[in-house]
Every structure is written in structure tokens, then in C-alpha cells.
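Remarks on the structure that follows.
Read the figures in this text as sums done on the coordinates, not as results from a lab. A quick note: this is a predicted structure, and the numbers were derived from the prediction, not measured. Here the Cβ positions follow ideal geometry from the backbone for every residue, glycine too, while neighbour counts run over all protein chains shown.
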Amino acid sequence: MTTVMLVHGAWHRPSTWTRLEPELHALGYATRTPALPSAGERPTAGMHDDAAVLAGELAAVEGPIVLLAHSYGGIPTTRVACSPSSTGHAPRSTATCRTPRPSRS
């Protein structure tokens, strides 16, 4: 089974993903929603602390993983995704940003 790791942004908590998780479960995905220490429990923690939490979560997963991160969560997620040897996985991380095109009139 593929696991989707949902990583919240700064000033958020794992509960950010509460409404999405049942939808993913209905589609046959497992989910993990780790709490980033810098966003709550340890406000003096930094990106490397957050990346360490994510690496630990990834190491505990058997099988394919999809990483989905919101805002700041993309920074430690990318850090972990670029270090597959530390987790035994080679996840892919993608970010997209859609912006309206300026009018040409």
C-alpha cells in the first residue's frame, strides 16, 4: 500500500489534514501526519529538527511513499527527499504554484 505523508506548514498542526485523510483512505492510501517540532512543541527548533522528524517517519514506512507538503513544510520535506540514503527510500517531492496570468487587454 502506498503511504501519503502529509506535512503541514508553519503555524499549522497535523490537524490541517483532517478533512483530506478520509478521502485518501477511501482511495486506498495510508496516511501519516507528523508534527513538525518548530511549529508547536519546540518553537526554538529549526528546519533540521523538522527534517529529522520526517526522516524518522519515513524510515518507519514500508513500501512506496508520496510526500505532500504545505508551504514551509516543503523545506524540510525537500531536505529529506534529497537524502534518500538516510531513510532507505527515494521519495520524490514536487511543488506547484498556479498564478493568474496578467490580462493582455
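Remarks
- Elements of type strands (runs of 3 or more DSSP E) in region 1-85, at least 3 residues being surrounded by fewer than 18 Cβ atoms within 10 Å (Cβ to Cβ) and either touching a residue at least 60 places away in the same chain (Cβ under 8 Å) or among the aromatic types (Phe, Trp, Tyr) (or both): none
- Matching residues in region 5-38 - criterion: being at positive phi and small (Gly, Ala, Ser): Gly28
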